[in-house]
Each structure stands twice: as structure tokens, then as C-alpha cells.
């Protein structure tokens, strides 16, 4: 397919690479950020522009991969009647694009994407379309980059997925971050935790996390918990979270 | 080395396998649980007992891999003067073993271990010893199963490591568990989150988690956060954690 990518951030860059790797053609990259757009265009041997009026009109799919709160502005400037246009945001309704075309939709990659990634990870795609044409093209595009993980999902299902994604990614990463800060302040090496982090994340592929829960909270080992809280007295932010998550683990059983 | 393993749980089983794989001899397995002990003994082609009085007296190292609150009881029943004896607990002082021998210590594997593991993971070892003999033997044993991750760590350092381990493993797993429950109740598939879970855990090897934090909390995207809280109104436990971790992420910046 011939694809125009609107946006030059992490999602634009990684999806664009996936499309190229799958044999599609990136016709053009549009971004307000002319320098970021031309960098991606150079990588993909294509053109870039920072004028919406210069966006090419004959692509198979237009992908709007910009920040959630910029989608509305972009949609206001774009008129692509007859074309298939999708945004990539989990939490934005597809109808925001209905002024742009009759064939609008969503192409949401449920993954944490970074431009700097050396290896492109598996990316489950949740798509939605306003009509058969949009659904068909977006589904085909999704299958071309993500064989096993392509699912049709409406606005509400995507929003629900996003909540779960925030929990297992943003919140988990924040726990890593607090642990790293704690280690630094206490003179122990965060990197010694990396095998444990890898094992914990890997196990969830095999066993339900409910089954594999362990630790002082689950054992109601109040002696160890007290020792830990004592050590956390100079880390009020982490201590607060330690108390709440310990209670939550005990409540879950 | 000739090793006697005291205990028959997850840590006993996985460390025993690592020792066997490294060419050591398991002389005997002791456990109050005779059936679990004889299962491990069968696997390792060795003897087992459930009487402390029958524990063989001439091993190079005795490893007490039992639950934290059982170490004291085991230490009370064991007299192994002249021998090197270590427990595997992060949060228990080594001195609990000083009635057993003059050469006591700790051999703490900083990893989440399960008997059922098909693949033995990397296991950083934090060791400590009451004297040169204990330290030397335990360090040699540790290096034989974990080349790059062997570190001497006293009682306080181990306790600190344990706090960090609880955060990045028990608490992270609890977030996975809450997300799984949420997905089940909302009719979405938890397994679609597995690539995201893998990527989030893998990234921390390359980039400081503080650097790679993303999401609605960090962006102060209160519109998305409100939508998420609305969806969580029938999940009070997760909602509570969502609010606290969102605040904590915003506080960190």
C-alpha cells in the first residue's frame, strides 16, 4: 500500500519502519516539526512537508500518529474525501476524524514505541473503521505488520485496553523508577535487580500472575514488612506505595 | 563441593539443580516434608531424610533453604561444629546460625525461583560469612553458579535489596494480577498485553526507567485520566492504586 504518515514522533517512526519492512511505500511524511519529518523522510527515501495543504492526495491510507491532543487540530486542517484516514490513539474516539473523510478509523498499536529502538517489538494492533472500506484497508495493513495480534476494537474497548496498558506499563515502569532511585540513595546496585525484573515479566507468559504472587505481603509476614517500612522511612513516596500495595495484595487473597 | 540441602521448596529445588549443573554433588536432602525431600533426592540421585539427627556430618557446605520463619527452628536442631552453614533468606540476620557452627553465613539468591521452572534463570547471589572460611567457600559456590553476579552483602545491604526486590517483583506482579482481573471482568484479553509487558521490562536494561516514563500521568493529561477513572468505578481496588500511582508519577517529575 501507499501510505502517508502524519506525525514524526515515536509512533510515526516505529510504525513507518514496520510498514517499510513489510514492503509498503511511504509516500510522504507530514509534521509541523519540519526537521523531524525530513529526518524520517530521509530514512525512508521519500518526501516530507510541514504544510497540510501539500499533503499528497492519492495514498491508500493516511495515518495520523500525533499526540492525542493534537489530533483535533490536524483533523481540522485535513480534507481527504474518499480516502482512508486513521489515527493511532487509544483514548480518542474515531468520530474526531469524520470531517476529514467518510472512511475514517483507528489503528492503535498496543505497545510502547520509541524512535531509538534497535529491534522492533511485537505490536498488537487494535483497529476500527467507520465503514467496510476503512475496516478492510486498516485490517489488511495491520495484518501485514502483526500477524497474530490484530483485533477489531471500538472506542470503548480501546479505552479499556488503554487503562490496562497504563497499569502494566506506565505504573510498572514507575515502580522500576522508584526502585532505581531507592537503590541509588542506599548505595546498592539497581542493575542487580535486572534478572529478577526479566523473570517476573517473563513468568506472566506461562502462569497467571495471581497464581505466582509471592512475597512478605502475601505471606502476611509482618516482621519483614516492619523491617522494610523502617528502611523506607527516608523514602516517603516509596513507603506510601509500599503500604498501599501491601494492603492491596493482602486484600486480593 | 559436597553439599547438603536443608529444605525442599522452590529455592532448595532450583539452587540444587544449579549446583548439580555446575558439577557439585548433593550429598543429601533434609526436609520435614519427607515426600518432597525424597522427590528431590530421586531427581539428584542422592539420599534424603526427615530426621535432623541423620544429617550427614562431612559436607563442604550446608544450605538451609527453608521459609524465613522456619530458620530459627532448624538452627535449634542443628549442631554442625566446624562445618560451613548458610541460610538463603534476605531478611534474616546471619547470626541466627551462630549456635550451629563458627563458620556460618548467608547465600541469598536475588531471583524469583519456582520448582516448575523449565529454564533456570540468571541468579545473582549475595553472600556473607562469619569468618574467612565461610566467606571463601560460599563465594566459591556462588561463582560456580553465577559468574558475573556474585556480591558480598551484610545483613543490612541484603535487607535493602529485599525491599527493592519486593517493589520490582511482588508489587509489579500484583499490578499484572489486577490488570488481568480487570481484563477478565471487562471482556478484554489480558494476553494482548504480553508484548507490552515484555517490552517495558526489557527496556529497563537499556534506559533508566526514569528516562523512559510515559503515559497520561506524566503528560498531566487529565482528560484521559478522567476517562480512565470513570471506567474504573466498578474496580475500586485498582482505581485506588491508579489514583496513587498517577499522583506519584506526577510528584516524581
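The values are calculated or read from the model by the stated rules, or taken from the named source; none is laboratory data. Fair warning: this is a prediction, and the values are worked out from it, not measured in the lab. Note that each Cβ is placed from the backbone with ideal geometry, even for glycine, and that neighbours are counted across all protein chains shown.
Side notes on the structure shown:
- Taken over region A:18-35, the criterion of being out of contact with any strand residue (DSSP E or B) (no Cβ under 9 Å at 6 or more places or on another chain) and part of a helix (DSSP H, G or I) is satisfied by A:21, A:35.
- Residue in region B:128-148 that is under 16 Å from the mean Cα position of the chain (by Cα), under 20 Å from residue B:89 (Cβ atoms) and outside any helix (DSSP H, G or I) present: yes
- Residues that are within 7 Å of chain B (Cβ to nearest Cβ) and more than 15 Å from residue B:183 (Cβ to Cβ), drawn from region A:206-216: A:212, A:213, A:214, A:215, A:216
- Of B:184, B:158, B:219, all but one fail to be outside any strand (DSSP E or B), more than 7 Å from every other protein chain (Cβ to nearest Cβ), on the phi < 0 side of the Ramachandran plot and in contact (Cβ under 8 Å) with a residue 60 or more places away in the chain; the exception is B:158.
- Screening region B:228-237 for residues that are more than 7 Å from chain A (Cβ to nearest Cβ) and either assigned to a helix (DSSP H, G or I) or at positive phi (or both) and picking the one that is surrounded by the most Cβ atoms within 10 Å (Cβ to Cβ) gives B:229.
- Residues in region B:187-198 that are at the interface with another protein chain (Cβ under 7 Å from one of its Cβ atoms), more than 22 Å from residue B:248 (Cβ to Cβ) and outside any loop (DSSP other than H, G, I, E, B): 4 in all.
- Test: residue in region B:201-210 that is crowded, with 17+ Cβ neighbours inside 10 Å and touching a residue at least 12 places away in the same chain (Cβ under 8 Å): no
- Selection within region B:128-138: residues that are under 17 Å from residue B:59 (Cβ atoms) and surrounded by 16 or more Cβ atoms within 10 Å (Cβ to Cβ). The member of this set that is nearest to the other protein chains (Cβ to nearest Cβ) is B:138.
- Sole exception among (1) facing chain B (nearest Cβ under 7 Å); (2) modelled with pLDDT under 95; (3) under 27 Å from the mean Cα position of the chain (by Cα) for residue A:172, by number: (2)
- Condition met for residue B:151 (facing another protein chain (nearest Cβ under 10 Å), more than 30 Å from residue A:240 (Cα to Cα) and not in a helix (DSSP H, G or I)): no
- Close pairs from region A:128-141: first more than 16 Å from residue A:2 (Cβ to Cβ) and outside the structural domain of residue A:61 (by TED's automatic domain parsing), partner buried (at least 21 other Cβ atoms within 10 Å of the Cβ) and modelled with pLDDT of 95 or more, Cβ under 9 Å, at least 6 apart: none
- Residue among B:8, B:53, B:38 that alone is out of contact with any strand residue (DSSP E or B) (no Cβ under 6 Å at 6 or more places or on another chain) and part of a helix (DSSP H, G or I): B:53
- Some residue of region B:100-123 being more than 22 Å from residue B:169 (Cα to Cα), within 14 Å of chain A (Cβ to nearest Cβ) and under 20 Å from the mean Cα position of the chain (by Cα): no
- Residue ID - surrounded by the most Cβ atoms within 10 Å (Cβ to Cβ), chosen from residues in region B:62-89 that are within 14 Å of the chain's Cα centre (by Cα) and either at pLDDT below 95 or not assigned by TED's automatic domain parsing to the domain that holds residue B:14 (or both): B:68
- Qualifying residue in region B:114-124 (condition: assigned by TED's automatic domain parsing to the domain that holds residue B:15 and either over 23 Å from residue A:195 (Cβ atoms) or touching a strand residue (DSSP E or B) at 6+ places or on another chain (Cβ under 9 Å) (or both)): yes
- The single condition from (1) in contact (Cβ under 8 Å) with a residue 40 or more places away in the chain; (2) more than 26 Å from residue B:159 (Cα to Cα); (3) more than 20 Å from the chain's Cα centre (by Cα) that residue B:21 fails is (3).
- Selection status of residue A:225, under 14 Å from residue B:172 (Cβ atoms) and part of a helix (DSSP H, G or I): no
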